[in-house]
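Peer 1: My structure is below; once you've seen it, I'll send some questions.
No lab work stands behind these numbers, since they all come straight from the coordinates. Note that the structure is a prediction, hence the values are computed from the model and not measured. In this analysis, Cβ positions are derived from the backbone assuming ideal geometry, glycine residues included, and neighbour counts consider all displayed protein chains.
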Amino acid sequence: MSRSKKISKNPGLAASDALRILQLNTLLNGGGTDDQCIKLTLGLQQLRQKVWLAGPAERPLEPAITELKLARHHTPPEGWLKLRFIFSCARFIRQQRIQIVHGHHGRDYWPTILAAKISRRRPKIVLSRHLASSPKSGFSRSLLLGRIDVMVAVSEFVARVLREGHSDPDSPDEERHYRQPIKGDHSKIGVVHGGIEVSRFRPLATQPLRASWGLTNREYVFGVVGSYDLPRGKGQREFLRAAAQLKERFENSRFLIIGRGSMAALLMEDIRKLGLEGHAMLTPYATDMPAVMNSLDCIVHPAIGTEALGLVVCEAHACGRPVIASALDGIPEAFAVGGLGRLVKPESVDELAHAMAGQLRAPRLTDAERQRIHERVAETFSVEVSARKHLELYQKLLQPAVAT
């Protein structure tokens, strides 16, 4: 954590110091917030803490949760105003003598607070903010900080939005025009970055997916990784327009869009209209992201909406791959640690194309150079580092107040 909430370094955590922690999540459908919640639960478990994940059963992530052997509290159907969920969690907090209750989604905030209060155990209440905005509800923006102990922002940018708000009125993306701050005691806002699985995202000696894409090592392959849903996706259309500027000058360049979404037909039409057949393609959906990263020569992340941090940048750097990304919201924070590639002005197709051309001319990294970048990312953005910083935060919350 940084700024107002400083976390001391505490390398040794004995089993006798184990805390009793409940992570609350009403969705578990598979988005980035769910992924980080599960990784945090696993990381705390590996630090020998008593940690449970409270949430509904029979959701898309349940098989993964079961495989990881995470301790669970299965909650009933939410019911009116989520009351069944709240009372179920309150009973569990009371029965298990929970010390820390931690909610993740915006829709989890008030259920987390109410479950903690109703339990009569007085656990410390922690909320995470995984989005690059304050809560939408004016009620929540006005009252949340007064009802909790800490709000954990996943990046310095998110913390700044919570404290100060953010304005970008010229953006074509309406949600960027004005983001309001949250009211209350801003000393309760701190930063703990999310984490990636650095044991999986690491440099590989092979490029396992290139053959399945019909490519060899002679081509230089750029790729955008992520969903592409209407109306605008994650900058895939801008990526294709930049690719159209390069294909004649760099015959060996190839441009892949890796993901899935409702824009598939539109992107295929763009490829046709831009004359990119044979140069650009939408790949079949892939689930092995480390293999994807290692099979690309450069990852392009031309984000155009709001972005809290951009862990895909960290994942690419952890694989020793250069990244060309929009200098937008929390992305520069994620980019700075690996630092390989270039940041560009959001939505500038010309600047994106110029950066891609520069990357085509750059020498490829050696295996040793890729490994050094991986190690830099691992020191800051690993699941283990994130879990330890959260645990240090929890321990600090539970320390007796010192009279001044």
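Peer 1: Using modelled backbone amide H atoms (1.01 Å from N, in-plane), which distant-in-sequence or interchain residues come within less than 5 Å of Arg129's amide H?
Peer 2: Correct list: Val152, Ala153, Val154.
Peer 1: Running a GNM on the chain with Cα contacts under 10 Å, which residue among Arg122, Arg84, Arg218 ends up with the highest mean-square fluctuation?
Peer 2: Answer for the Gaussian network model of the chain: Arg218.
Peer 1: Select from Leu309, Leu127, Leu209 the residue whose mean-square fluctuation is largest in a Gaussian network model of the chain (Cα-Cα springs shorter than 10 Å).
Peer 2: Leu209
Peer 1: Can you tell me which lysines have their Cα less than 23 Å from the Cα of Lys247? Leave out same-chain residues fewer than eight positions away.
Peer 2: In chain and number order, the partners are Lys234, Lys273, Lys345.
Peer 1: Give the peptides 316-324, 338-346 in descending order of average Cβ contacts within 10 Å, highest first.
Peer 2: Ranking the peptides 316-324, 338-346 by packing returns 316-324, 338-346.
Peer 1: So which aspartates and glutamates can Lys69 reach, going by Cα to Cα under 20 Å and dropping same-chain residues fewer than 8 places off?
Peer 2: Here the aspartates and glutamates satisfying the reach criterion relative to Lys69 are Asp34, Asp35, Glu58, Glu197, Glu384.
Peer 1: Over the chain, what relative contact order in percent results from Cα pairs under 8 Å that are six or more residues apart?
Peer 2: Once divided by the residue count of the chain, the mean separation gives 15 percent.
Peer 1: Over what distance in Å are the Cα centres of segment 37-69 and segment 86-157 separated?
Peer 2: Result: 18 Å between the Cα centres.
Peer 1: How big is the gap, in Å, between the Cα center of segment 180-248 and the Cα center of segment 319-367?
Peer 2: For segment 180-248 versus segment 319-367, the Cα centre distance is 11 Å.
Peer 1: I'm spelling it out carefully: the read-out is volume of the Cα convex hull per residue in Å³, the candidates are (1) 130; (2) 151; (3) 140, and one was derived from this structure. Which label?
Peer 2: The value computed from this structure is option (2).
Peer 1: Return the sequence-ordered ³J(HN,Hα) values of segment 138-145 in whole Hz as given by the Karplus equation 6.51 cos²θ - 1.76 cosθ + 1.60 applied to θ = phi - 60°, using x for Gly and Pro.
Peer 2: Residue by residue, segment 138-145 yields x, 4, 5, 4, 7, 10, 4, 4 Hz.
Peer 1: Fewest Cβ neighbours within 10 Å first, please rank Lys389, Lys273 accordingly.
Peer 2: Lys273, Lys389
Peer 1: Cut-off is 10 Å between beta-carbons; in what order do Met293, Met151, Met268 appear when sorted fewest neighbours first?
Peer 2: Neighbour counts put them in this order, fewest first: Met268, Met151, Met293.
Peer 1: Just need the relative contact order of segment 272-328 here, percent rounded to a whole number, with Cα pairs under 8 Å and 6+ apart.
Peer 2: 37 percent
Peer 1: Over segment 166-309, what relative contact order in percent results from Cα pairs under 8 Å that are six or more residues apart?
Peer 2: Computed over segment 166-309, the figure is 30 percent.
Peer 1: Sticking with this one: Of the listed peptides 357-368, 55-66, 256-267, what is their order by residue-averaged count of other C-beta atoms within 10 Å, with the highest listed first?
Peer 2: Highest-to-lowest ranking by the protection proxy: 256-267, 55-66, 357-368.
Peer 1: So what J values fall out for segment 340-355 if you push phi through Karplus, 6.51 cos²θ - 1.76 cosθ + 1.60 with θ = phi - 60°, rounded to Hz, Gly and Pro as x?
Peer 2: 9, x, 7, 9, 10, 4, x, 6, 8, 5, 4, 5, 4, 5, 5, 5
Peer 1: Considering only the chain, what is the antiparallel percent among its DSSP beta bridges, to the nearest 5?
Peer 2: 5 percent
Peer 1: Taking the Cα atoms only, what angle lies between the long axis of helix 383-398 and the longest principal axis of the chain, rounded to 10 degrees?
Peer 2: The answer is roughly 20 degrees.
Peer 1: Please pull out the direction-averaged projected area of segment 211-378, using the convex hull of its alpha-carbon atoms, in nm² to one decimal place.
Peer 2: Mean projected area of the Cα convex hull: 8.8 nm².
Peer 1: Still on this structure, please answer the following. Pop out the ³J(HN,Hα) list for segment 214-220 in order, Karplus 6.51 cos²θ - 1.76 cosθ + 1.60 with θ = phi - 60°, rounded to Hz; leave Gly and Pro as x.
Peer 2: x, 10, 10, 6, 6, 7, 9
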